[in-house]
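Input: a single structure, listed below in structure tokens.
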Amino acid sequence: MLGRVLNTHQQWLCRRLADLGYVVTRQVAVPDTANDIQSAVREALSRADLVVVTGGLGPTSDDITRDLIAQLLGKKLRLDDAVLEHIKKRFAARKLAMPKINEVQALVPEGALVLANPNGTAPGLAMKIEVGNCKPGVGECKSPSASAKWLVMLPGPPRELRPMFDDLVVPLIRREFSLAAGFVCRTLRTSGIAESLVQEKIQEPLAPLVAAGLEVGYCARVGQVDVRLSARVAGAEKMVGDAEALVRKIFAAQIYGFDDEEMETAVVRLLTEKQKTLALAESCTGGNLAHRITNVPGASAVFLGGWVVYSNESKQKFIGVRAETLAAHGAVSEPVSREMAEGARSQLGADFAIAVTGIAGPGGGTPEKPVGTVFMALAGASGTVVERRRNSYERETFKQLTVQQALEMLRKQLVSA
């Protein structure tokens, strides 16, 4: 609640539920105090069929969610021997004595379904609340679409919460809250075109399908725009398929991937398919380009290596940029980016090399080269091409966008080859 910890749970859970076809109607964040937690859960149960609560299942004094919800629902806590044994084994595997305080994590509300946690000590908990049999303090518990409500409590650490949700909660949701119609969703990821232009180009061609029940959403990200096509009506699969075919025809090569595929994944896939290799020379991106590439499993088959050549001296020493080129044009220039790419490609014998050099700011700009100026070079067997861009953002976004643009340069080259 202090803003020092990013709440990634809400985004991740809402995304997963939306992909499954379930609409999230409200997100609430509250501090670790009894009144706030109980009030939030009471209100949620009075208006929703499924309530997911995250955090507060640990062993410390501020982990009070389990106790407060049990109290709210009029349920006693009991010690679950199987959970306690699991906790003991977790500590024993690390050759540590289990603190007495951790026993509290083995307390389970009466009637709760225990969700095993192979990645931590705190189990998840799922409680079925029959409509019409709610405690007076919970609220009226009216439910327009289900015979029972479910309250799910998940541990806070993402590495515990996410697999637990996918492996145990999703099957529960599908079983207890079956959808009246099939739900189909497809996301097409575009690069190099503005969000407003994306909508302008596809709005009219998709209009007949939208009238029949197709849902179209747009999400602008750094250097890309996602188009989300979904339907929850009879014939949803054909409807989304027809819409995808129209969008792919309109944007063609500007679509780099689908659903959760990242630009670097598409690039590594193309390099692998074409049996080509890559080298990098980075200045202003400070290694972010190599980081993105090496995040992709299998990148070692195509990525030979690279340099973060931040100073003029390192550009000369490691990848052969000439001193006279730096003196005549400056480090942020078309000639220097060209020599960086060609030097990196030559040093490692790669099929392609990308080089980036720019002014991230907030200082260092000039009228001729204002802050945000960046030169990106792509060297290959057919020659070297250089693009100049103006990415006028704060440093982190500048880096993200520059990397995205550099990867897109290579992707387009690979697609057209």
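Could you work out how far helix 236-251 tilts from the main Cα principal axis of the chain, as a 0 to 90 degree angle to the nearest 10?
Orientation of helix 236-251: about 20 degrees from the principal axis.
If I take R0 = 51 Å and measure r between the Cβ atoms of Asn295 and Leu79 in this structure, what FRET efficiency does the formula 1/(1 + (r/R0)^6) give, to the nearest 0.05? Display every interim value, and only then the final one.
Details: r = 43 Å, r/R0 = 0.84.
Efficiency for this residue pair is about 0.75.
If you take the square roots of the eigenvalues of the alpha-carbon gyration tensor of segment 184-258 and sort them as a ≥ b ≥ c, do you get rounded (a/c under 1.5), prolate (a/b over b/c) or oblate?
Prolate is the answer for segment 184-258, as a/c is 1.5 or above and a/b outweighs b/c.
What's the magnitude of the charge dipole for segment 293-417 around its Cα centre, counting Lys and Arg as +1 and Asp and Glu as -1 at the beta-carbon? Answer in Debye, nearest 20.
Numbers: 13 positive and 11 negative charges, 20 e Å.
With Lys and Arg at +1 and Asp and Glu at -1, about 100 debye.
If packing is taken as the average number of other Cβ atoms within 10 Å across a peptide's residues, how do 104-110, 115-121 rank, most packed first?
Numbers: 104-110: 19.7, 115-121: 17.7.
Final packing ranking: 104-110, 115-121.
Report the charge-dipole magnitude of the chain in Debye, nearest 20, computed about the Cα centre from +1 at each Lys and Arg Cβ and -1 at each Asp and Glu Cβ. Show your work: numbers first, answer last.
Details: 50 positive and 45 negative charges, 81 e Å.
Roughly 380 debye, rounded to the nearest 20.
Could you tell me the center-to-center distance, by alpha carbons, between segment 237-280 and segment 38-85 in angstrom?
Their Cα centres are 43 Å away from one another.
Once you charge only the Cβ atoms, +1 for Lys and Arg and -1 for Asp and Glu, what is the size of the charge dipole of segment 8-176 about its Cα centre, to the nearest 20 debye? Walk me through the numbers on the way to the answer.
Working: 23 positive and 19 negative charges, 53 e Å.
The calculated dipole for segment 8-176 is roughly 260 debye.
For the chain, what does the helix formula give at 222 nm: sum of -39500 (n - 2.57) over DSSP H segments with n ≥ 4, over the residue count, nearest 500 deg cm²/dmol?
On the way: 14 runs with 163 residues, N = 417.
Taken over the chain, the calculation gives -12000 deg cm²/dmol.
For segment 8-176, calculate the relative contact order in percent as a whole number, restricting contacts to Cα pairs under 8 Å that are 6 or more residues apart.
Working: 240 pairs, mean separation 42.4, N = 169.
Dividing the mean separation by the residue count of segment 8-176 yields 25 percent.
Cβ under 15 Å from Arg345's Cβ, Arg345 left aside: what net charge do those residues give with Lys, Arg +1 and Asp, Glu -1?
Numbers: positive: Lys276, Lys315, Arg338; negative: Glu282, Glu339, Glu342, Asp351.
Cβ neighbours under 15 Å give a net charge of -1.
In a GNM of the chain with a 10 Å cut-off on Cα contacts, which of Ser337, Ser300, Ser283 has the highest mean-square fluctuation?
Comparing Ser337, Ser300, Ser283 in a Gaussian network model of the chain, the most mobile one is Ser300.
Got the relative contact order for segment 263-416 handy, in percent, Cα pairs under 8 Å and 6 or more residues apart? It would help to have the intermediate numbers written out before the result.
Numbers: 300 pairs, mean separation 38.1, N = 154.
The normalised contact order for segment 263-416 reaches 25 percent.
Summing Lys, Arg as +1 and Asp, Glu as -1, what charge do residues with Cβ under 15 Å from the Cβ of Asn119 carry, Asn119 excluded? Walk me through the intermediate numbers first.
Details: positive: Lys89, Arg90, Arg94, Arg159, Arg162; negative: Glu160, Asp166, Asp167.
Surrounding charge for Asn119 is +2.
Could you give the length gained on full extension between Asp32 and Glu215, defined as 0.36 nm per residue of separation minus the Cα-Cα distance, in nm?
Working: separation 183, 0.36 × 183 = 65.88 nm, distance 3.80 nm.
Here the segment from Asp32 to Glu215 would lengthen by 62.1 nm.
Does segment 8-176 classify as rounded, prolate or oblate by the C-alpha gyration tensor (a ≥ b ≥ c root eigenvalues; a/c under 1.5 gives rounded; else a/b over b/c gives prolate, otherwise oblate)?
prolate
Relative contact order for the chain using alpha-carbon pairs under 8 Å, separation at least 6, rounded to a whole percent?
Rounded, it is 10 percent for the chain.
Please report the antiparallel percentage of DSSP beta bridges with both residues in the chain, rounded to the nearest 5. Intermediate results must be reported in sequence, preceding the final value.
Numbers: 44 of 59 bridges.
Here the share of antiparallel DSSP bridges comes out near 75 percent.
Set Lys and Arg Cβ to +1 and Asp and Glu Cβ to -1, take the dipole of the chain about its Cα centre, and tell me which of Ala116, Val184, Val30 lies farthest positive.
It is Ala116, whose Cα lies furthest towards the positive end.
For Glu261, what is the net charge nearby, where nearby means another residue's Cβ is under 10 Å from its Cβ and Lys, Arg count +1, Asp, Glu -1? Don't skip to the answer; put the middle values down first.
Details: positive: Arg189, Arg269; negative: Asp259, Asp260, Glu262, Glu264.
Taking every other residue near Glu261 into account, the sum is -2.
Only the coordinates and a few stated rules stand behind these numbers; no lab work does. Keep in mind that what you see is a predicted model, and the values were worked out from it rather than measured. Using ideal geometry, Cβ is built from the backbone for each residue, glycine included, and neighbour counts are taken over all protein chains shown.
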